[in-house]
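What follows is a single structure, written as structure tokens, with notes after it.
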Amino acid sequence: MTEPTLLSGRGLNLNFGELSALANVDVDLWPGEILAIVGESGSGKTTLLNVLSGRTAPDSGMVWYRDPSGHLHDVHAMPAPSLRTLHRSDWGFVHQDPRQNLRMGVSAGGNVGERLMAQGVRHYGAIRSAALDWLAQVEIDENRIDDLPRTFSGGMLQRLQIARTLVTHPRLVFMDEPTGGLDVSVQARLLDLIRSLVTRLNIAVVLVTHDIAVARLLAHRIAVMQRGRIVETGLTDQVLDDPRHPYTQLLVSSVLNA
Amino acid sequence: MTIMLSTRALVKSFTLHLRGGLKMPVLSGIDLDIRAGECVVLSGPSGAGKSTLMRSLYGNYRAESGSILVRHSGKMIDIASADPRAILAVRHETLGYVSQFLRVVPRVSALDVVAEVLLARGIDQDIARDRARNLLLKLNIPARLHGIPPATFSGGEQQRVNLARGFIAGHPILLLDEPTASLDAENRAVVIEMVREAKARGTAIVAICHDADVRDAIADRLFAMSPYQDAA
């Protein structure tokens with residue numbers, strides 16, 4: 001059981017003025033594993049996601065990524081172009097607001113194809129057929145391939161963002177509240193899509209969510225954050241069914257059973 | 001026969017921080033051995049800790065002290081101290097659990113709820129679905145329901161889907177929490193038959209079962225539990 005980690009953070013600290021956004025946080029993620037980071041607004045979950053993905057530098061601490069050939073990269077010491085390349089190839093990022101990731105003036109097919117082109121794929125037919133295939137996988141009608149994203153509903157935009165992210169077969173995807181702000185019925189469909197795609201493609205995911213039901217459905221492990229600290233971590237069902245930390249007990253007991 | 005699961009001095013209590021740190025002791029010093037091919041039924045009144053023990057065996061509840069040794073890939077692994085990924089590996093290969101209620105996933109059909117256990121083991125989709133279909137039919141879930149997500153099923157139908165999911169992979173150790181609670185006599189008989197077949201294959205089974213007829217039909221012995229009492 002000593003398989004090397006895909007991504008590890010050690011001793012991560014970050015202060016915003018007086019506020020401690022991350023306080024001595026350690027994180028490990030193994031290949032193909034889904035780790036949920038839960039906690040209320042302001043607990044530091046999104047900050048942690050941004051630090052792990054190299055988007056925000058910590059005051060202290062390190063983040064390591066192991067590439068497919070087994071080499072370790074210090075994410076915050078990498079030259080900016082290398083980090084950008086990583087974000088375009090091995091990694092993906094799914095934002096709560098798909099408009100942050102999508103290009104609203106480019107067709108749906110173009111949005112999916114663009115990431116392939118950034119990887120050097122040049123054959124138009126190959127790009128278009130990959131785009132069609134991915135639109136089908138995220139259940140967007142192929143007749144919409146030439147439509148602009150601004151004509152799409154919120155749920156469709158989110159599915160388009162997922163197609164755009166997964167088309168390059170990343171090994172690691174960061175997700176920030178991917179179902180936030182969507183209708184419940186749309187959420188269920190999206191969750192099922194994420195669950196089946198991530199399992200089938202064996203993608204590792206760091207998932208930030210305030211929704212415990214989302215964590216239960218998707219995640220193997222869970223880390224509970226409060227005021228910049230991870231207060232409890234373990235198997236998802238352990239932490240949710242047998243919470244130990246007072247804050248986790250509060251979080252779990254506050255959920256309404258439908 | 002080979003010991004498949006063994007607890008020693010297992011202790012579990014719950015600390016309710018939202019109730020001023022109230023401590024609720026449930027299990028104190030449980031010693032239990034389960035051998036291959038035998039079915040042990042946990043017995044005792046409500047509140048004796050039967051479900052807590054079963055959930056602890058599965059690693060769903062975290063033991064406070066003591067050990068829970070499980071024979072996994074030829075070695076004994078201590079669930080009470082194993083890291084999360086080791087526990088997932090034990091559940092995947094060795095330790096199956098049939099809870100009282102099916103946790104329904106939106107949009108996943110009854111057939112795939114059962115088949116995905118096999119898919120996760122790398123079994124071909126057609127074979128996995130065939131085996132899932134046969135097991136569902138054996139449990140009297142008609143073919144017309146196989147393509148439908150079980151959210152709309154009756155309690156008894158959901159329980160049978162859950163049983164199919166629990167039995168399909170042939171885990172060497174099975175934990176069954178009230179497997180027949182919402183079933184009619186005909187389906188209880190099917191479950192009794194499935195438990196007997198599993199025992200004949202060498203499966204070690206721990207069950208909670210209030211129905212006296214089913215208990216008598218499946219149990220090789222009872223493990224008596226009583227509500228926790230403070231030493232006077």
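Read the figures in this text as sums done on the coordinates, not as results from a lab. Keep in mind the model is a prediction, meaning the values are calculated, not measured. Here the Cβ is made from the backbone with ideal geometry for all residues, glycine too, and neighbour counts use every protein chain on show.
Coupling constants for the range A:79-94 follow from the phi torsions by the Karplus curve (6.51 cos²θ - 1.76 cosθ + 1.60, θ = phi - 60°), and in residue order they are x, 3, x, 5, 5, 4, 4, 4, 5, 8, 10, 5, 10, x, 9, 10 Hz; glycine and proline get x.
Calculate the FRET efficiency for A:D67 and B:E186 from the Cβ-Cβ distance with a Förster distance of 56 Å, rounded to the nearest 0.05. Kindly include the intermediate steps, with their values, before the conclusion.
On the way: r = 57 Å, r/R0 = 1.03.
It comes to 0.45.
Spread over its residues, the convex hull of the C-alpha atoms of the range A:100-204 is 100 Å³ per residue. Checking every one of the trypsin sites (Lys or Arg not before Pro) in the range A:84-169 against DSSP loop status and a limit of 15 other Cβ atoms within 10 Å picks out A:R103, A:R122. Over the range B:53-159, Cα pairs under 8 Å with separation of 6+ residues give a relative contact order of 22 percent.
Over the protein assembly as shown, consider all pairs of different Cα atoms and compute the Kirkwood hydrodynamic radius from their mean reciprocal separation; express it in Å, one decimal.
Numbers: mean 1/r = 0.0407 Å⁻¹.
Computed over Cα pairs of the protein assembly as shown, the Kirkwood hydrodynamic radius comes out at 24.6 Å.
Amide H to amide H, with H built 1.01 Å from N, A:I203 comes under 5 Å of no residue 5 or more places away or on another chain. Here the Karplus relation 6.51 cos²θ - 1.76 cosθ + 1.60, evaluated at θ = phi - 60°, turns the backbone of the range A:23-40 into coupling constants of 10, 6, 8, 10, 9, 10, 9, 9, x, x, 9, 10, 10, 9, 10, 10, x, 7 Hz, with x for every Gly and Pro.
Using the per-residue mean of other Cβ atoms lying within 10 Å as a proxy for protection, in what order, highest first, do the peptides B:65-78, A:38-51 fall? Present the calculation step by step, with values, prior to reporting the outcome.
On the way: B:65-78: 16.3, A:38-51: 21.1.
Averaged packing, sorted descending, gives the order A:38-51, B:65-78.
Put simply, the amide H of B:Y97, placed in the peptide plane, has neighbours under 5 Å in B:L175, leaving out anything fewer than 5 places away on its chain. Entry note, chain A: the mean residue ellipticity at 222 nm calculated from DSSP H runs of n ≥ 4, each adding -39500 (n - 2.57), is -11000 deg cm²/dmol after division by the residues and rounding to the nearest 500.
D for the range B:31-179, whole µm²/s, Stokes-Einstein with Kirkwood Rh over alpha-carbon pairs at 10 °C and 1.306 mPa s: what number?
Working: Rh = 16.5 Å.
Value of D from the Cα-based Kirkwood radius: 96 µm²/s.
Starting from the Cα of B:S154, step 7 Å toward the Cβ, then list every residue of the range B:185-222 with an amide N under 19 Å from that point. So the set is B:185-192. Between the range B:162-232 and the range A:37-55, what is the C-alpha centre distance in whole Å? Rounded to whole Å, the Cα centres lie 44 Å apart. Remark: chain A projects, on average over all directions, an area of 14.7 nm² (convex hull of Cα atoms). Annotation for the range B:90-197: chymotrypsin sites (Phe, Trp or Tyr not before Pro) lying in DSSP loop with at most 13 further Cβ atoms inside 10 Å of their Cβ are B:F101.
Past the 21 angstrom mark, what percentage of all C-alpha to C-alpha distances in the range B:1-83 do you count? Distances greater than 21 Å cover 31 percent of the Cα pairs. Ordering A:Q158, A:L191, A:V206 by the projection of their Cα atoms onto the charge dipole of chain A, which places +1 on the Cβ of Lys and Arg and -1 on the Cβ of Asp and Glu, puts A:Q158 at the extreme positive end. For the range A:51-168, averaging the sequence separation of C-alpha pairs within contact (under 8 Å, six or more residues apart) and dividing by the residue count gives a relative contact order of 26 percent. Computed 3J(HN,Hα) for the range B:137-153, one whole-Hz value per residue from the Karplus formula 6.51 cos²θ - 1.76 cosθ + 1.60 where θ = phi - 60°, is 5, 4, 8, 6, 9, x, 4, 5, 8, 4, x, 9, x, x, 4, 8, 6, glycine and proline marked x. Estimated translational diffusion coefficient (Stokes-Einstein, Kirkwood radius over Cα pairs, 4 °C, 1.567 mPa s) of the range A:1-147: 74 µm² per second. With contacts taken as Cα pairs under 8 Å and at least 6 residues apart, chain B reaches a relative contact order of 28 percent. For chain B, adding -39500 (n - 2.57) for each run of n ≥ 4 DSSP H residues and dividing by the number of residues yields -10000 deg cm²/dmol at 222 nm. Counting every C-alpha pair in the range A:1-81, the share spaced more than 21 angstrom apart comes to 29%.
For the range A:132-255, the Cα gyration tensor yields ellipsoid semi-axes of 31, 15, 12 Å (square root of five times each eigenvalue, largest first, whole Å).
Between the amide H of A:E232 and those of A:V224, distances stay under 5 Å, these residues lying 5 or more places away or on another chain, with hydrogens modeled in the peptide plane.
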